[in-house]
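Comments concern the structure below.
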Amino acid sequence: SQSRYGRVLADILELIMYSGLREREAFTLTWANIDFQERCLVIHDEKCPQDGAFKKVPFNSGLEAVCTRLRDEAIKQGHYRPEGFVFRGKHYNAPVKNLRKPLNEASLRAGLHRFAHDPRRDRAGLSQSVKVGFHDLRRFFITSAVNIGTPTNIVARWVGHKDGGALIQKTYLKHDENLSRAFASRLAI
């Protein structure tokens, strides 16, 4: 039903916003990927599945809250199994496949159809989406982490970038004169 997928969509968006997961990683998340004991997500790297690589995304307060709420709801409904998908599709043992249409409809209703608009792309003559996308919340996570001072190499590890933070530095960092002065004042050589 539409309302079921509306709730699933909201939960996926919240999870991506607090974790920086890629769309496919969120859609195929299983309960085995959520380690409540170690307080982290353990995600096998979808870009290099052959080498068994994985990334760990430690819980922040928002991520822990959403994962705990989803687990409690799944237990209550009798759907909690380690191999089970957190976000179930039409079939009990299948992941959610595509929520683009409900996402587009929700973003239009909420007036977010220009949320992802980047005027720099206009000036550069590049095309861009005028619809909000799952990747926008991944960018929000990265930007939020960088803006509180998380080292880019750590953020890169969380989101599965193999470049040690080079893409994050190039794309997400902006020069902040106040921040620059604050760090300079703490430098004691």
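Restricted to the range 68-93, and to residues there that are part of a helix (DSSP H, G or I) and of a type in the set (A, V, I, L, M), the residue that is surrounded by the fewest Cβ atoms within 10 Å (Cβ to Cβ) is Ile75. Residues in the range 148-182 that are open to solvent by 70 Å² or more (accessible area, probe 1.4 Å) and of a type in the set (A, V, I, L, M, F, W, C) were compared, and the one that is modelled with the highest pLDDT is Ile148.
Determine whether Ala65 is at pLDDT 90 or above, open to solvent by 20 Å² or more (accessible area, probe 1.4 Å), assigned to a helix (DSSP H, G or I) and under 30 Å from Thr171 (Cα atoms). Before the answer, list the steps.
Values: at pLDDT 90 or above: yes; open to solvent by 20 Å² or more (accessible area, probe 1.4 Å): yes; assigned to a helix (DSSP H, G or I): yes; under 30 Å from Thr171 (Cα atoms): yes.
So Ala65 fits the description; yes.
The values are calculated or read from the model by the stated rules, or taken from the named source; none is laboratory data. As the structure is a computational prediction, the values presented were derived from the model and not from experiment. FYI the Cβ positions are ideal-geometry reconstructions off the backbone, even for glycines, and counts take in every protein chain you see. Just so you know, the surface numbers come from the protein's heavy atoms only, side chains and all, with ligands and any DNA or RNA stripped out. Shrake-Rupley method; radii C 1.70, N 1.55, O 1.52, S 1.80 Å.
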